[in-house]
Amino acid sequence: MIIVPLGVASATPTATRHLSSVALWREGDIHLFDCGENAQMRMLQAGLKRSKIENIFISHFDVDHFSGLIGLISTLQLQRRENDLTVVGPKGIKEFLEWNIQFSKLDLGFTINYVEVEEGIESERVVDADEYYVEARPLNHTKFCLGYRFQEKDKPGKVDAEKAEKLGINKDEQYKALKAGDDVELEDGTVVKSYEIVGHPRPGDSFAYITDTKYCPNSVKLAMNTNILYHEATFSESLADKAAETGHSTSADAARVANEAQTKLLVISHFSARYTNPFILLQEAREKFFPAWLATELRPIFTNPSQEKGIVQQKVYIKEIDDKKSGDSRGKSSRGGSDRGKKNFRKRKSSSGRGRSSDRDRGSSSRRSRSDQGRKRRERSPKDYSDKRDNRDQKDSNEGTSRPPKHITPRTPFDDFDRF
Ligand SMILES: [Zn+2]
């Protein structure tokens, strides 16, 4: 199971963060949790095929969580999708999508199966496939909001082929029967018990998606013993009042759920735009629960890194936030227009001398190399893609081929990075 955050902003996008959406990759299929504006672009950038989407789960009807839906469905239609698509959400999701589809006269070549969840339910299994199921429970927000748990069903135990052969098992049907839990009688009358050959069933992977909500017992139930808990942390503890007022969690709330649910890994997301440096939130969460990570757009999180590393290859650089300086420069340039941002940058460049090379430091490759040696990775911000200065872009990509940036991917779900 691979989790790829596509948007980690709350309420409004910022220059560097997109609206809520997370992709879950499993055995080649993609399951999308929320679909904020730009989710389909972020999928492309993450190296995830939109045609592989099986299910879309919408948490609630705050616009930042579903504003990308109709655009995505239009793309699927233009791609001539034929497979069914399942869309799960609070009651009303069907009416909303059907109205939009009708209004824009989209002639869909595929069927959308709607699963609508009514208010007042305790819990509901909204999807039940052969190998996994998804459970929804209401959370505690200012409006009806659903949390989800994606649970792989237990996998059959491993067959000890060597032992089976020794005991005289040699036919496919016999293996099948043993795997299914049945005992097998051999020609000479001896009975080979299933448990002698087949190991314990292996527990399936699990993932909980919990946003937007205050702390509530249903969050803990959804997250119980999960491998990954993806939880909102809109505010820091110092704004607990505001969190309570707006129906959101602080990073400490997220850690509390993680603790009570005994999840293996907490990933926090849905950051308020006021935090140009969300590491404050991470620090707070880590005081109460470990391991905890920040959701970083396009950076995949694996539950089985040895098998899954390399499957999802992002098409663009992942923006790294690794020091306060870069946070400052981003803040300034996003306030001004792009020209103004460059002017600001030039000034800093001359005054700071040996200062850090930044995203917009296209002029000096020597400085760039120095920063690489120092393992201070500067990577392109989303702003770079819209830059019209083609020559400079060309130069950048040349540099890129001679010295490819190092992508950081976790080796195990418990890996820690000192830059956090
Ligand atoms: Zn939200």
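Each value in this text was obtained by applying a stated rule to the coordinates, not by laboratory testing. If you're wondering where the values come from, they're calculated on a predicted model, not measured in any experiment. Reconstructed Cβ throughout: ideal geometry from the backbone, glycine too, with neighbour counts over all protein chains shown.
Here are a few things to note about the model shown:
- Going by neighbour counts of Cβ atoms within 10 Å, the residues Asp34, Asp188 line up, fewest first, as Asp188, Asp34.
- Gln283-Lys155 FRET efficiency (beta carbon distance; Förster radius 51 Å; 0.05 resolution): 0.85
- Seen from a random direction on average, the alpha-carbon convex hull of segment 3-161 projects onto 11.3 square nanometres.
- Fully extending the segment from Ser306 to Glu119, taken as 0.36 nm per residue of separation minus the present Cα-Cα distance, adds 63.2 nm.
- Burial order of peptide ranges 109-117, 280-288 (average beta-carbon count within 10 Å, highest first): 280-288, 109-117
- Counting beta carbons within 10 Å around each of Thr226, Thr211, Thr75 and listing the fewest first gives the order Thr75, Thr226, Thr211.
- Fewest-first ranking of Leu186, Leu76, using other Cβ atoms within 10 Å as the exposure measure: Leu186, Leu76
- Here the extension length gained between Asp241 and Asp29 equals 72.3 nm, from 0.36 nm per residue of separation less the Cα-Cα distance.
- With the simple model of a label 7 Å out from the Cα in the direction of the Cβ, Phe96 to Asp128 spans 2.6 nm.
- Two-site label geometry, Asp188 and Thr142: point separation in nm, points 7 Å out along Cα→Cβ: 7.6 nm
- Extended-chain gain in nm, criterion 0.36 nm per residue less alpha-carbon gap, Ser51 and Leu106: 18.1 nm
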